[in-house]
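Values quoted throughout were computed directly from the atomic coordinates according to the rules given, and no laboratory measurement underlies them. Only a predicted model underlies this, so the values are computations on that prediction, with no experimental measurement involved.
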Amino acid sequence: MKTLAKNMGGLVLALVSLGGCASSREITASASAKIPSNAKIGIRVPADGSYEGETYPGSGNAVAFELKAALIRHFPQTEIGESGTRDYILRPTILRWEDRATEWSGRPDRISISMQLYNRRGTVIDAAVIDAKSSYWTLGGDKPQGLLRRSFADYAKGLNR
């Protein structure tokens, strides 16, 4: 019985430790546009993100490429860029991009991306803000762009319900 209690205590400690590794995401949408899967979508590359005076080069491209990867699963005619004939244009804006040394500081990486989806006439038909932060516990090497994949996948899925 003592061995079982000792093993259970270790299991509980391991589960609590692993729970600290999870990241959190929240998608807040102000509209719920539904678009057809054959829609031609263009994605604008946003300006690179910054936080507290530090700019993160390449973060704008990371947002555009991760957004395309998420959308193309539901909308195969998704391209980066606004030129050409498009049914919809998605314009993300990086509101917050924090790349922290979480492994020693305990401060999580954070992102906040505002997205506006425009129809062919230039009318906003969907607006959303995606907020995400990493865990306080990491083994190092995590980057804010790692928070984008699941958040953008959820957003793309919501447009294609």
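Numbers at a glance
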{"item": "Calculated from backbone phi, Karplus (6.51, -1.76, 1.60) coupling profile of the range 89-97 in Hz, x at Gly/Pro", "result": "10, 10, 10, x, 9, 7, 8, 8, 8"}
{"item": "Cross-link partners of LYS40 among aspartates and glutamates (Cα-Cα below 20 Å; sequence separation of 8 or more within a chain)", "result": "GLU66, GLU79, GLU82, ASP87, ASP126, ASP154"}
{"item": "Amide hydrogen neighbours beyond the local backbone of ILE80, cut-off 5 Å, H modeled", "result": "ILE43"}
